[in-house]
Amino acid sequence: MQDLVDMVKNIEPLRVYGRVAVVNGLLIEAKGGLSYMQVGARCEIIRRHDTPLPVEVVGFREDRALMMPFGPVEGVTPGAEIRISAEGAKVYPTTAWLGRIVDSFGQAIDEFGPLPQGKEGYLLKAAPPSAHKRARVGERLNLGVRAMDVFTTCCRGQRLGVFAGSGVGKSVLLSMLAREATCDAVVVGLIGERGREVREFIEETLGPEGLKRAIVVVATSDEPALKRRQAAYMTLALSEFLRDQGLEVLCLMDSVTRFAMAQREIGLATGEPPTTKGYTPTCFAELPKLLERAGPGPVREDGTQGGPITGLFTVLVDGDDHNEPIADAVRGILDGHIVMSRSIAERGRFPAIDVLKSISRTMPECQSIPEREVVRQARKVMASYSNMEELIRIGAYRSGADPDVDRAIILNPDIEQFLRQNKDEYTPLDESFTLLAEILGGG
């Protein structure tokens, strides 16, 4: 009997292979082995005189599987062998990953060698926690940026969008948050970033102090759409791992728009119908699945709670149109939005946050009654100045015509100075309210 058992153990397991049938641009059609494949599964295509090409199953058409590559398709030949894997992609992180820079596969791309691997695997494309098992947002979070702490106060586990055009300082704002926010760990996802700016962001903008408690996930703009999309999934998977360790996590992603663009490329290649501005239906279906993974930690069966994931996601508004499809969709999913204005950046005030157009949906409950009054008065003053700004600048406004505008003119220089903040400057949240109250009291 034992001999029979040994014979069974030594039987070579069944291996099922597919074959390349068609390569059309970035879309690879495969035949064979369909019953062993599933959408999201990883496979490898054996290339002539080159390393195997990793691909992902993105759909099916009649009797063929549709795949997209994680690298260049050069070297793929007709009938090339496809090694099939039925499992979805996982990552095996540890807390030793803090301070490291990884790619969309979770492999180190810095100079400090291979990363240690953990025992538990985390699915890159995991489902968000169910609503009834999720805790409520926690107490307010000190972000260290005066304009945000006062006018868009953020709570632990909240998700905010940073809406900005190109070149108005959103990367610098993210670096300020990564360095100064009161949290245990930071995960930064640079999705579709310019290759030139990655090292500059890490070494200068983020700096050694910011990197020390952060994991940075990088997928540059020249990488295939699958890698750019996977980098976003990797960012949330690492955040979930740190959350499960009981840490308070700040998840920063730059940008959600490039994630949607990558999903658009994938959708169009597989034959999805284009909708507004060419975005396919799966773009709008995948956005909430990604963004809902951030938030308060789920309540475990023993009554304990995982750490919260506070998410700040940048949205690169196309043509400075804050109502373009992705910006509009993301604004409806998140718990508030920070609007960065090009006109404010052009006059040299950074961070270029347009306070009057920004909102946090956890306010005013997370502020005390005196703090609410300070914010109300400050908004009133800024709104009065904004309404008459053009007349004031050309000298058409006559002093004494409106007491509110007269007060706004007096207070405007001090309020502008309050909103202006250098990237190395830090102000505690409570002190920010005190400073603004002093400014308003002086007018």
Residue 345 vs (1) within 20 Å of the chain's Cα centre (by Cα); (2) assigned to a helix (DSSP H, G or I); (3) crowded, with 16+ Cβ neighbours inside 10 Å; (4) not acidic (Asp, Glu): all pass except (1)
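Residue-by-condition table, conditions (1) in a strand (DSSP E or B); (2) under 17 Å from residue 230 (Cβ atoms); (3) not aliphatic (A, V, I, L, M):
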{"residue": "5", "(1), (2), (3)": "no, no, no"}
{"residue": "19", "(1), (2), (3)": "yes, no, yes"}
{"residue": "58", "(1), (2), (3)": "yes, yes, no"}
{"residue": "82", "(1), (2), (3)": "yes, no, no"}
Hits in the range 38-67 - residues which are within 14 Å of residue 89 (Cβ to Cβ) and open to solvent by 10 Å² or more (accessible area, probe 1.4 Å): 38, 39, 40, 42, 44, 54, 56, 58
Filter the range 348-394 down to the residues that are of a type in the set (A, V, I, L, M) and within 27 Å of the chain's Cα centre (by Cα), then identify the one that is modelled with the lowest pLDDT. 363
When you check residue 29 against the structure, is it in a strand (DSSP E or B), under 29 Å from the mean Cα position of the chain (by Cα) and farther than 30 Å from residue 251 by Cα, yes or no? no
Qualifying residue in the range 109-132 (condition: within 23 Å of residue 198 (Cβ to Cβ), open to solvent by 20 Å² or more (accessible area, probe 1.4 Å), at pLDDT 90 or above and touching a Leu at 6+ places or on another chain (Cβ under 9 Å)): no
What is the one condition in (1) open to solvent by 10 Å² or more (accessible area, probe 1.4 Å); (2) under 21 Å from residue 330 (Cβ atoms); (3) not small (Gly, Ala, Ser) that residue 163 does not satisfy? (1)
Report whether or not residue 198 is out of contact with any Phe, Trp or Tyr (no Cβ under 9 Å at 6 or more places or on another chain), within 25 Å of residue 317 (Cβ to Cβ), aliphatic (A, V, I, L, M) and modelled with pLDDT of 95 or more. no
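Results for (1) assigned by the TED database to the domain that holds residue 169; (2) in a loop (DSSP other than H, G, I, E, B); (3) at pLDDT below 90, shown as yes or no for each residue.
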position: 252; (1), (2), (3): yes, no, no
position: 274; (1), (2), (3): yes, yes, no
position: 310; (1), (2), (3): yes, no, no
position: 323; (1), (2), (3): yes, yes, yes
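The values are calculated or read from the model by the stated rules, or taken from the named source; none is laboratory data. In this text, all values refer to a predicted model and were calculated from it rather than measured experimentally. Backbone-built Cβ (ideal geometry, glycine too); neighbour counts: all protein chains shown. Heads up: the accessible areas ignore ligands, DNA and RNA and are worked out on the full protein's heavy atoms, side chains in. Shrake-Rupley method; radii C 1.70, N 1.55, O 1.52, S 1.80 Å.
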